[in-house]
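**Student:** Following this message is one structure expressed as structure tokens.
The values are calculated or read from the model by the stated rules, or taken from the named source; none is laboratory data. Only a predicted model underlies this, so the values are computations on that prediction, with no experimental measurement involved. Neighbour counts run over all protein chains shown; Cβ positions are idealised from the backbone, glycine included.
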Amino acid sequence: MGSQVTRGQLPGRVGGTWSRVLPATQWGRWAIGLLIAILVFFGAVYVLIASGQRPGDSFTSNLTLSVPALLAGGCAIGAFVTGLIAVVFRAERSPLVFLATLVGLLAIAFFVSPGGPVFG
């Protein structure tokens, strides 16, 4: 009987500091996982550049750099979508999910901005 969710409580919230920071929903956990993937892929791009890889004239002229960058962009869009679903439809209130959603929104704004990769 002690494990029942009472009115006003979110499922998965037990108590303590970490329960307020970590996501309680599956959609929120996906958003955080995609945020971590963004950091890993951008880290791979920076390591490749530091090791001597140089970008060419177009985005696809050096696939060693463009594939991780494209994967990071796809993960950013996915983090925005999953974070938005978690916040709007699943009542997620984790600050990490809000951060993942914001990072994804900024990536989308960069992609569609004048001078960005799409309309540049």
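**Student:** How many of the residues in the range 80-101 are polar (S, T, N, Q), out of contact with any Pro (no Cβ under 6 Å at 6 or more places or on another chain) and outside any helix (DSSP H, G or I)?
**Tutor:** Adding up the residues that qualify gives 0.
**Student:** Of everything in the range 50-95 that's among the charged types (D, E, K, R) and in contact with a Phe, Trp or Tyr (Cβ under 8 Å, 6 or more places away or on another chain), which residue is farthest from Pro23 (Cα to Cα)?
**Tutor:** Arg90
**Student:** Need pairs with beta-carbon distance below 7 Å; first residue in contact (Cβ under 8 Å) with a residue 40 or more places away in the chain and within 19 Å of Val118 (Cα to Cα) and within the range 50-66, second among the small types (Gly, Ala, Ser) and assigned to a helix (DSSP H, G or I); sequence gap 6+ or separate chains.
**Tutor:** Phe59/Ser66
**Student:** Report, ordered by the first and then the second residue, all pairs with beta carbons closer than 9 Å, sequence separation of six or more or different chains, a first member in the range 94-120 that is surrounded by fewer than 16 Cβ atoms within 10 Å (Cβ to Cβ), and a second member that is hydroxyl-bearing (Ser, Thr, Tyr) and outside any helix (DSSP H, G or I).
**Tutor:** Phe119/Ser113; Gly120/Ser113
**Student:** Please determine whether any residue of the range 3-21 is at pLDDT 85 or above, of a type outside the set (A, V, I, L, M, F, W, C) and within 22 Å of the chain's Cα centre (by Cα).
**Tutor:** no
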